[in-house]
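Presented below is the structure to which this report refers.
Every number in this text was worked out from the coordinates using simple rules, so none of it is lab data. Bear in mind that the values here come from a model prediction, so they are computed numbers and not experimental data. As a convention, Cβ positions derive from the backbone with ideal geometry for all residues, glycine included, and neighbour counts pool all protein chains shown.
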Amino acid sequence: MSARSNSTRGFSLIELMCSMAVGTIVLLAAAALLGSSGDGYGRVGGTVASEREARAILTQLSSDLSSARFHKDTKFESQDHAWPSDDLGFLTLQPTEAQSEDGRIGDLCAVNYYLSDLTIGGRTVRCLMRGFRESSETFKALADDRVAPLFTGRDNIDEPVAFGVVSFEATPKSRDQSGKWIDWVENDTRGPDGLDIRLVIARRDLAGRLRQPSDWDGSSGPGKALGQPGEAERNENLQVYRTLIRFGNDENG
């Protein structure tokens, strides 16, 4: 009988090292892929959040403006901030359910929009606020010829419409004889035909890093990520929305 030869042998050191190197490369590639997926998910999530805030603003604005009524004290005012910040105030017809029983004597009410810094969870969040005055207060102001004060912001009463709003612009527009939209002339007593609305909203990741008013102004370290107002459309940290909303007294369709 011949002896059976044993051909079984273990891995050499070189083979083990090669296997470990290949495994390391695979693990690094998988980690990079997961990181990229996580970043993509974060960007998508931030975009969805911004879209939600913009939709809330534009829906409420469109509803209020659809029945707006021009008054000589209608407010179109730009504030002196690093980023454009407009104050908007106008009279509007509101349904019965939008008012309280005690404050309702008709359907003509007053609303105003403006940016304000709120403290939420120990940090500052810049919000677009909506003020609302019911018909009883509105009619009294009309009788006393004191409509302008209706468009003044009120702390702890006015409600935020959206959070993380860096900039809010509401530019009044009118149409010339050819139907082209042009800037509204202030002494035109007919009022504007529409408002050119422009919103700049911080994506969720950036908004979480802006904790002080100076951050939202872009003058601090974290605020540098806001960049310059004129470059907002190219800033991946920001979402820009722009639309033209008809003013309620526009009878031309």
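For R146, neighbours were defined as the other residues whose beta-carbon sits under 10 Å from its Cβ, and their charges (Lys and Arg +1, Asp and Glu -1) total -2.
Quote the relative contact order of the stretch 38-246 in percent (integer), defining contacts as alpha-carbon pairs under 8 Å separated by 6+ residues.
20
Between S136 and S67, what FRET efficiency follows from the Cβ-Cβ distance if R0 is 25 Å, with the result rounded to 0.05? FRET efficiency, S136 to S67: 0.85. Using 0.36 nm per residue and subtracting the Cα-Cα separation, the extra length available between R146 and N187 on full extension is 12.8 nm. Counting lysine pairs in the stretch 38-246 that sit 8 or more residues apart in sequence, or on different chains, and whose Cα atoms lie under 28 Å apart gives 6.
Once you reduce the stretch 54-68 and the stretch 185-250 to the center of their Cα atoms, the two points are 16 Å from each other. Its relative contact order, with pairs defined as Cα atoms under 8 Å and 6+ residues apart, puts the stretch 164-231 at 30 percent.
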